[in-house]
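Structure first, then comments.
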Amino acid sequence: MVNINQDSANTISPKVQAEFNSFLEPFFSKYHRERCYPGLIFKQGKRTMLQINVPASDFSGLLQAKPSTGNDPDSGKNRPEVKGHAEEIKHYIVERAKKDKPWIVGTLTANVNPKDIAVIELGRGICLVVIRRGVKLDITDGQHRKRAIHELIEGAESNLISDDDFPITLVLEGDFRQCQTDFRDMAQTRQLDKSLLLSFGDFSGRVGITKELIQRVPMFQGKTEKIKSSPATKQKLIYTTNFIARFVSCVFTNDPNNQLRDHDVYEASDALVICLNQFFSQCSNTEYIFDTSAEELTENEVAEFKDDCLLGVSVGLEILGRLLYYTYSQADNYFHEGKVLQLSQINWSRENPLWRDNVVRIDAKPKNPDKPYKLSTAANAVNDAVKMVVSELQWM
């Protein structure tokens with residue numbers, strides 16, 4: 001448990017604490033049949049709002065979602081629920097809690113008609129919020145978090161969150177249309193790019209392995225976009241964290257979405273770093289990029305590499321990852337050097353007929369007649385490309 005009063009200069013004396021508790025106790029006793037929470041009052045957007053913290057035991061009975069149904073947006077205050085999203089949140093909490101790791105869900109926002117609650121102001125924005133037993137708070141933002149928490153509390157794994165509290169911002173608003181507007185306004189937040197989410201991800205599984213590769217493989221070091229969804233050639237960036245993460249998943253499981261939760265970060269990354277440094281340094285298509293630092297590369301060199309070489313785009317990395325899967329021995333945590341060498345000797349340029357009619361197609365009306373190639377990133381095209389290489393190398 002974290003001690004929030006570590007600074008002795010700010011520690012309130014036991015006498016003052018006792019006096020404060022004795023002051024509050026009559027209020028809690030008076031409203032013991034209701035739900036009473038300490039709160040903070042603040043103003044925003046010309047309205048009064050409250051901040052309260054609700055224990056898990058109160059959560060299910062206090063909040064309600066009113067999602068729209070059918071083709072009628074006015075049938076509820078929230079959008080229809082996104083199938084599977086609440087389950088993802090619940091899985092995240094359970095997985096972290098079972099491993100005794102920290103987890104967090106954002107503050108929920110709800111609204112209530114001011115006449116349905118009592119706010120006892122204590123001064124300086126501090127208050128007590130009394131919510132009668134029959135009153136429900138309508139969710140403005142957080143309907144999927146609410147469902148996930150509710151299902152956990154009501155399920156067999158409730159012990160994982162039974163001692164936790166959940167913050168709620170409460171908007172004192174009774175007008176239905178304004179509540180709908182609030183929901184729309186709160187939904188304006190821009191979705192975070194996958195590379196940024198991965199960059200801030202927990203250092204385990206494929207996230208940890210990806211971060212190790214970006215630091216230890218010259219092909220990726222300084223040449224990877226860690227925040228945005230696409231690498232800017234003007235900044236001499238070739239890859240994104242998400243490109244590399246999908247590649248890593250392919251290498252170890254042949255599935256670009258596998259999180260590799262059971263893989264040891266350092267053992268797996270050590271083996272893959274050796275493999276990739278061997279591959280990129282021996283491949284004629286990547287040798288120069290591998291040997292040249294990001295600072296020394298020119299914008300034209302980066303642009304040419306991304307235009308000409310499959311390994312300069314995400315679909316090429318995925319093909320390489322799926323091929324390296326056939327060279328990896330999980331029992332020995334080892335990539336077969338001979339097979340890796342074979343892969344490095346392939347011509348990875350888009351001109352190679354090996355990629356024709358799978359991931360590389362001929363554009364009938366190309367902008368540049370000298371480069372009439374367009375890429376297909378469809379799963380069947382990737383699979384066909386992998387099969388062509390496996391057949392070419394006679395691995396089967």
Please work out which residue is least open to solvent (accessible area, probe 1.4 Å), limiting yourself to the range 156-175 and to residues that are in contact (Cβ under 8 Å) with a residue 40 or more places away in the chain and part of a loop (DSSP other than H, G, I, E, B).
Ile161
Are any of the residues in the range 278-296 in contact with a strand residue (DSSP E or B) (Cβ under 7 Å, 6 or more places away or on another chain) and part of a helix (DSSP H, G or I)?
no
Check whether at least one residue in the range 33-47 is in contact with a helix residue (DSSP H, G or I) (Cβ under 7 Å, 6 or more places away or on another chain), open to solvent by less than 70 Å² (accessible area, probe 1.4 Å) and at pLDDT 85 or above, and report yes or no.
yes
Per the list (1) open to solvent by less than 80 Å² (accessible area, probe 1.4 Å); (2) farther than 21 Å from Ser284 by Cα; (3) modelled with pLDDT under 90, residue check on Asp370 breaks on (1)
Out of all the residues in the range 274-289, is one or more open to solvent by 50 Å² or more (accessible area, probe 1.4 Å), more than 30 Å from the chain's Cα centre (by Cα), more than 25 Å from Ala232 (Cβ to Cβ) and not basic (Lys, Arg)?
yes
Is there any pair linking a residue in the range 135-155 that is more than 16 Å from Pro55 (Cα to Cα) to one that is among the hydroxyl-bearing types (Ser, Thr, Tyr) and not in a helix (DSSP H, G or I), with Cβ under 6 Å and at least six apart or on different chains, and which?
Thr140/Thr109; Asp141/Thr109
Matching entry among Gly312, Gly321, Gly316 (being without any contact (Cβ under 8 Å) to a residue 60 or more places away in the chain, within 27 Å of Asn380 (Cβ to Cβ), open to solvent by less than 10 Å² (accessible area, probe 1.4 Å) and not hydroxyl-bearing (Ser, Thr, Tyr)):
Gly316
Within the bounds of the range 333-346, is there any residue that is among the small types (Gly, Ala, Ser), under 25 Å from Val207 (Cα atoms) and either modelled with pLDDT of 95 or more or open to solvent by 10 Å² or more (accessible area, probe 1.4 Å) (or both)?
no
Picked from the range 43-60 (must be in contact (Cβ under 8 Å) with a residue 60 or more places away in the chain and in a helix (DSSP H, G or I)), the residue farthest from Ile149 (Cα to Cα) is Ser57
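The values are calculated or read from the model by the stated rules, or taken from the named source; none is laboratory data. Quantities reported herein were computed from a predicted structural model and do not represent experimental measurements. Cβ: placed from backbone, ideal geometry, glycine included. Neighbour counts: every protein chain shown. These accessible areas exclude ligands, DNA and RNA; they are computed on the full protein's heavy atoms, side chains included. Shrake-Rupley method; radii C 1.70, N 1.55, O 1.52, S 1.80 Å.
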